[in-house]
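Only one structure is covered here, and it is reproduced in the block below.
The values are calculated or read from the model by the stated rules, or taken from the named source; none is laboratory data. On a predicted model such as this, the values are computed, not experimentally measured, just so you know. Positions of Cβ are backbone-derived with ideal geometry, glycine not excepted, and every protein chain shown enters the neighbour counts.
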């Protein structure tokens, strides 16, 4: 159909139709998939020609639904880089799908929306090239209209080229986020075409500013707006026009404790007939940053107790799952997190939806590098051609989210050591402020000179990576720029591992089997224990918060056992760089770790000891006293075994088998209490915490008996039959008194009955190479995790069973409805 005929037909359809409706269809199901190039087993498979053609025979290809991460399927391979998880994510992947276009598509504009595909995406429809998008973290839209066969069968083909050496951490591979078809009238609201801000907010009234962008504009088009509270059909305010200011009486503010949301329903009419509708979720709130005080939310001073998060979901990999993301946020909130930095890329839109609803502040970050590369095939090769489109898409997609309070243009950018290149930072800031003038722009600065060489003047708020010693100098030389820690601590530890002797030397604490001690004193050269950041922020309260590296362990970057040459990028001092070069050389051959040690919780979401250190600081109203280490040390009888205590109280008395080992009070800038000369004997350690002279909290650890039984605990015993909902089931090895046996590593087999399937298992050990899809798993220091998923459309009772030689079998029931 030529352009004129298409236009005539569209006008005819419009005249005959009383109302158009925007159609948004999930495009996730019934794909065919095949891999080429580097294969999971290390072999090479040549890429055939003509796979974009409609007639290509894909009958032998694998059937699957999206989102899909081909890398997490493994296997782990010792010859692959541990910095990216030792998983075979690099390679070429093809996805094909045949679908019917109904006759009702005639006259409409038809788009395909990708929330993210990793990476180097190219798309064909019916053998004709549609478009491309290289950056694996960008959301993008392609127009299918002119190549669609209306009323007939159509075939779409998607090629991904996930190049090796393109990432410094595990990126995943595949169409790992959601895909949709969007069908609209010729005159319609543009992609992300409704922009909502709240320029005036007070207790009595808020002004909501709405800017609407139309595509295929008609001079007769009218725009109408209605606002409802989220979850309600009652209209509370109305307006009209491309630029509209609407008053909302007695607004419910979006806040951390009460994240109230509103819905904006925008309607486009031509000749009195509705041709498009569009719903936007937004919140009413104010933000302000000051150099001398910090961050204000709705006029209230708020400290950002934040963490950095990579995008993977542990044993589930990179494929987006709403419940898995929600669980991560729940765990983070449980120890006081109120802010997340999306390191180092735009996140999935579902993540931001959840942050809106759960009350989390967010810094959205665009890039890990600009044009100076960190890895051979990273974003640097696309920067000049694509940075503007990627940045615009990031901001336009996400600027209505009330949870977002900052943008970041990059992390530890190499250009920052070159003051003559500060204009590159400024041009990105200018573009973001053009698209969204309501939020500040920042970056994560690891180069000390960037704080003083002019780069600091190209952004609104300055983020330091691991530079608490520079806070005072920065304030002196930059009195008007708000400052925070964009990355802090980078303490490393393995859950439940403790090595002796205990030392404050941050390089001590690496032990056998490539684990790291959980005394929370060990850190890479550029980093430090949490106490140091706490002290700096208490000395300089105008530092408005921190983003700890990291909230969760993540796949890849197993520092300090990371052979990644990009570790050297952290060093500016030549002598320190040379020392690190020698340390990397010492690692020699096969290094088994495949995931990080940085997390406050491990890869499965199980708290490490540091969890309680941050909880004591960030949730001071919670009565808390935590003891480390565990007390199972038969080989250490009579030897010094230090005991550390984290508490939200101000003093603690420690007892060993009923005998007091002394009462200690926190000093100034003291965040843990230490008994470094405890002589080990089996029995019970009891800690009694006091606050203002009164008993505040009690806790104890005991020497356990031998392992006798398994225990299964589901985080949710009721899940939806949508084929997406999950239950995360904790596996524990207990003694006869139902105490966790902390040094147990029993092998456990899992089976399931009912309308659900086991989709992942894990144990939090950074060195474990058992497939995440395995139904057999060793526990790590007493714990493991099983993830089960409902089967779409099937309801009923599910029973998960765990068996291990010599232990009592355990079951847990989950209902699918």
- Residues in segment 106-128 that are more than 25 Å from the chain's Cα centre (by Cα), farther than 21 Å from residue 53 by Cβ and surrounded by 21 or more Cβ atoms within 10 Å (Cβ to Cβ) total 2
- Residue satisfying condition, being modelled with pLDDT under 95 and closer than 19 Å to residue 601 by Cβ, within set 550, 559, 491: 559
- strands (runs of 3 or more DSSP E) (entirely within segment 18-100) containing at least 1 residues that are farther than 19 Å from residue 723 by Cβ and in contact with a strand residue (DSSP E or B) (Cβ under 6 Å, 6 or more places away or on another chain): 23-26, 31-38, 91-100
- For segment 776-794, which residues satisfy the criterion of being assigned to a loop (DSSP other than H, G, I, E, B) and either surrounded by fewer than 22 Cβ atoms within 10 Å (Cβ to Cβ) or modelled with pLDDT under 95 (or both)? 791, 792, 793, 794
- Message: Being surrounded by 20 or more Cβ atoms within 10 Å (Cβ to Cβ) and touching a residue at least 60 places away in the same chain (Cβ under 8 Å) is the filter here; which residues of segment 404-430 pass it?
- Response: 405, 408, 410, 411, 412, 428
- Query: From the list 797, 768, which one is in contact with a strand residue (DSSP E or B) (Cβ under 8 Å, 6 or more places away or on another chain) and part of a loop (DSSP other than H, G, I, E, B)?
  - Reply: 768
- Test residue 83 against the criterion of being buried (at least 16 other Cβ atoms within 10 Å of the Cβ), modelled with pLDDT under 95, within 30 Å of residue 555 (Cβ to Cβ) and not assigned by TED's automatic domain parsing to the domain that holds residue 278, and give yes or no. yes
- Task: Name the single residue, out of those in segment 655-677 being over 40 Å from the mean Cα position of the chain (by Cα) and surrounded by 15 or more Cβ atoms within 10 Å (Cβ to Cβ), that is nearest to residue 619 (Cα to Cα).
- Result: 655
- Message: Conditions first: (1) crowded, with 22+ Cβ neighbours inside 10 Å; (2) under 27 Å from residue 90 (Cβ atoms). Residue 383 passes all but one, so which condition is the exception?
- Response: (1)
- Note: among 151, 216, just one is modelled with pLDDT under 95 and out of contact with any strand residue (DSSP E or B) (no Cβ under 6 Å at 6 or more places or on another chain), namely 216
- Task: May I ask you to list the residues in segment 701-730 that are farther than 23 Å from residue 745 by Cα and either assigned by TED's automatic domain parsing to the domain that holds residue 647 or more than 36 Å from the chain's Cα centre (by Cα) (or both)?
- Result: none
- Unmet requirement for residue 773, which otherwise passes all of (1) closer than 23 Å to residue 77 by Cβ; (2) not in a loop (DSSP other than H, G, I, E, B): (2)
- Query: Can we say residue 503 is outside any helix (DSSP H, G or I) and either surrounded by 23 or more Cβ atoms within 10 Å (Cβ to Cβ) or touching a strand residue (DSSP E or B) at 6+ places or on another chain (Cβ under 7 Å) (or both)?
  - Reply: no
- Selected residue (criterion: nearest to residue 595 (Cα to Cα)) from residues of segment 519-533 that are touching a residue at least 40 places away in the same chain (Cβ under 8 Å) and under 24 Å from the mean Cα position of the chain (by Cα): 524
- Query: Within segment 431-446, can you find the residues that are buried (at least 22 other Cβ atoms within 10 Å of the Cβ) and part of a helix (DSSP H, G or I)?
  - Reply: 432
- Note on the structure: Inside segment 712-759, the number of residues satisfying the requirement of being outside any loop (DSSP other than H, G, I, E, B) and surrounded by fewer than 18 Cβ atoms within 10 Å (Cβ to Cβ) is 11
- For segment 176-194, state whether one or more residues are under 28 Å from the mean Cα position of the chain (by Cα), on the phi > 0 side of the Ramachandran plot and not assigned by TED's automatic domain parsing to the domain that holds residue 347. yes
